1. Please work out how much length the chain gains when fully extended from Leu27 to Gln208, using 0.36 nm per residue of separation minus the C-alpha to C-alpha distance, in nm with one decimal.
2. Which one, Asp71, Asp205, Asp180, has the greatest fluctuation when you compute a Gaussian network model over the chain with C-alpha springs under 10 angstrom?
3. Return the sequence-ordered ³J(HN,Hα) values of region 134-150 in whole Hz as given by the Karplus equation 6.51 cos²θ - 1.76 cosθ + 1.60 applied to θ = phi - 60°, using x for Gly and Pro.
4. Could you calculate the contour length gain from Asn125 to Ile216, that is, 0.36 nm times the residue separation minus the distance between their Cα atoms, to one decimal place in nm?
5. If you put +1 on each Lys and Arg Cβ and -1 on each Asp and Glu Cβ, how big is the dipole of the chain around its Cα centre, in Debye rounded to 20?
6. Given the options Lys90, Lys159, Lys135, which has the most mean-square fluctuation in a GNM of the chain, springs set between C-alpha atoms less than 10 angstrom apart?
7. Remind me, relative contact order of region 36-107 in percent, using alpha carbon pairs under 8 angstrom and six or more residues apart?
8. First select every other residue whose beta carbon is under 12 angstrom from the beta carbon of Asp76; then total the charges, Lys and Arg +1, Asp and Glu -1.
Amino acid sequence: MFPEYVNQLFYLVGEVVVLLAALILILSLIVSMLVLYSFKTGNFFAARYMLLGIVLLENVITALFWIFRADDSIVDDVGVRLRNYINSKKFLRVPFSMRFIFMPQCVRSTECPAKLTPEGIMCVNCGRCGVGEAKRYAEGLGYRFFIVPGSSFIKRIIKKYQPRAIVGVGCHMEIKEGLDLCHRYGIPARGVQLLTAGCVATTLDWEQFYETLTEIEPHCRSLPEKDGAGN
Ligand code: SF4
């Protein structure tokens, strides 16, 4: 038998745990509804709080989506779009010439003839994939374009050249880590998610990629013509 005060302590701890669990569940339900709302409408309500909610409660929210048989990739998708939205103002203020693009090597054709160099994989625009045209167009705007050969490459290039803004392409996990990395360096960044992930011949929504690249503040100049998105 425990003394009475120990029993009361256990009781109190139990009550706190139940209350906390209820609070987490309610908050997760609210954030889940906001995620669905954002996914359907493209609008964000209380964006910073919502992102904080997704970061802190991601596992519970994903579980709720699973329980209600909803597609839990929506949570990842909205998470990236939220980060992009929050970074948008600062990102758009940076001129193209001070922005870098990091493209994952897996988007290349499996027959890519490009060579590995200390500045990444050097595309020769052979026409076998959309990367060559994307590089040509982005560099025409003033961007610096890198094809990333490995995970430590981005950190090294950021330290070496100190870009003022970044566009990163990758799978959900890479985008999340990349945006967090940029946040730590104080660099506004935007992520473009791959349509299909994997290690080779991944696919990308090129239209979305070019939109991300070319978005400008309303009062700014017009953009050069593009010869069509890559395939
Ligand atoms: S366009 Fe560039 S990246 Fe694509 S396969 Fe050719 S050399 Fe490789």
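Bear in mind these aren't lab numbers, they're just calculated from the coordinates by the rules spelled out. On a predicted model such as this, the values are computed, not experimentally measured, just so you know. Cβ placement follows ideal geometry from the backbone for every residue including glycine, while neighbour counts extend to all protein chains displayed.
1. 62.0 nm
2. Highest fluctuation of the listed residues: Asp71.
3. Couplings: 4, 5, 4, 5, 4, 5, x, 6, x, 5, 9, 10, 10, 9, 7, x, x Hz.
4. On the way: separation 91, 0.36 × 91 = 32.76 nm, distance 2.63 nm.
Working it through step by step, the gained length comes to 30.1 nm.
5. Working: 25 positive and 21 negative charges, 215 e Å.
Roughly 1040 debye, rounded to the nearest 20.
6. Top of the fluctuation ranking is Lys159.
7. Values: 24 pairs, mean separation 22.4, N = 72.
After rounding, I find 31 percent.
8. -2
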